[in-house]
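Read the structure below first, then the notes.
The values are calculated or read from the model by the stated rules, or taken from the named source; none is laboratory data. Owing to the predicted nature of the structure, the values given are computational and were not obtained by experimental measurement. Please note: Cβ atoms are built from the backbone with ideal geometry, for glycine as well, and neighbour counts cover all protein chains shown. Keep in mind that these areas ignore ligands, DNA and RNA; they rest on the heavy atoms of the full protein, side chains included. Shrake-Rupley method; radii C 1.70, N 1.55, O 1.52, S 1.80 Å.
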Amino acid sequence: MRPTRSDPGEGAASAAWELLLPAASAPARTRGRSLQAALREAVRSGRLAPGTRLPSSRDLAADLGVSRGLVTETYEQLTAEGYLRSGRGAGTWVGAAVRAAPPRAHDLAPRSPDAVADFVPGTPDLALFPRAAWAAAQRAVLAELPHQELGYPDPRGLPRLRTALAELLARRRGVVADPERIVIVSGVAQATALLGFALHARGVRAVGVEDPGSPQHDALYASAGVDAVPLPLDDEGVSLEPLRASGVRAVVTTPAHQFPTGIACSARRRTELLDWARSVDGIVLEDDYDGDFRYDRAPVGALQGLDPDHVAYTGSVSKSLAPGLRLGWLLVPESWTEEIVERKRTMDLGHPALDQAVFARFLERGDYDRQLRRCQRAYRERRDALVSALDARFPGAEVSGIAAGLHVIATLPQRYGPEERFLARLTEAGVAVCPLSAYAHDPAGPEAGGEVRLVLGYAHVPPARIAEGVRLMARAATG
């Protein structure tokens, strides 16, 4: 094939013709579509620059060994789509409307830091994902799922899954779980957004959040037009006087295991929170992000079980299975159900039906309970390994928070400070950690008092690597 002019674009055009040769060799019934796709891609990729004149249909057909009618049809189709332009007696040219596509898709997924030792919290051990059991559930579901269940689902979720979840949450978390008030969501993030939109629709423009607390809350509520108001903590949970003084009528809390401080909300504070919600006709938004993982005793039941009319409860499989499944649940008070369901409908028309059916089977057959026990054994062992390593390598260090979850708070003696210098040394040594101050909603952060306070994640780190990582921390701190 030959471009019909000699100019700076001739070399690019000559190279682009090579892209059409495989298409010309395609089976006869698909040759036309293949030729169109190849020529379209040559324009999109920039191999054929805007303004390049194409060979006549007769010449191109001869070069490729195809019929002239096939080339003519290809030119006409791409001209109609805007990739090419033509004029009577003026030939066919590459149009100027097309912009070259980027060379590849970029991956914006959050990744663990490129570090020798990684103690950044929030990540479970993805190697514990039960691939064989999940694959078996998928095969069974695909074999038995009625055709009609592949249509648009109930925006609340499949009845089968909501029923299985209601049984699980009542049994394991003490939740008052009506399947009619459970909404299947894409993780706690979507549950938070749904609650934010519902609050905004009711005229609520501010929600209280724990400080320190999850850094995602500010942005998620802001997307719904609701401001996040930082509320300090004491040893029992959210401080009541600042909560009352804030004027908010909604508060987000992690009562089973506060993130990141690791404290558990006391029985007295639970009662006080519910009394406050009733007094202001408000709502408590309970994030039960890792409530199943308690290592020193049975997990404390969810706050929602004490007052289902004033608590919205949410959780997910992000810590027990994998965050990439994007699978969670939201249980709302009866008076909130209709507007939450309608908002879910308009947001995405419901969660993927196949994923729901697989998870339902996973619950029904006891696979999820087995997975929780497996994770609990592994994470308890890793927590013990981290506490022991800190005790050995950092004399005088204090580990606070209850024995639960996927992280600990480690407070190091003042001799390891100041914190900024300590963190810089760890970064140079390739050890990734997060200070407690990184989770403060107040940009100034809490006063450290000369101490180094770290939030150390351990769930994704095998015990041997935990010991080695802490050794590297100690060497960097004293070096």
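General observations
- Taking label positions 7 Å along the Cα-Cβ direction at both E420 and T30, the computed distance is 6.2 nm, reported to one decimal.
- Surface share of carbon and sulfur [accessible, 1.4 angstrom probe, percent] for the stretch 313-388: 45
- The chain, accessible area per residue, ligands and nucleic acids excluded (1.4 Å, Å²): 46
- Structure-derived P(r) over Cα pairs in 10 Å bins from 0, in percent: which label, when the choices are (i) 4, 20, 32, 29, 13, 2, 0; (ii) 4, 21, 29, 26, 16, 4, 0, 0; (iii) 4, 17, 21, 18, 14, 12, 10, 4, 0: (iii)
- D281/R205 FRET efficiency (R0 22 Å; Cβ-Cβ; nearest 0.05): 0.90
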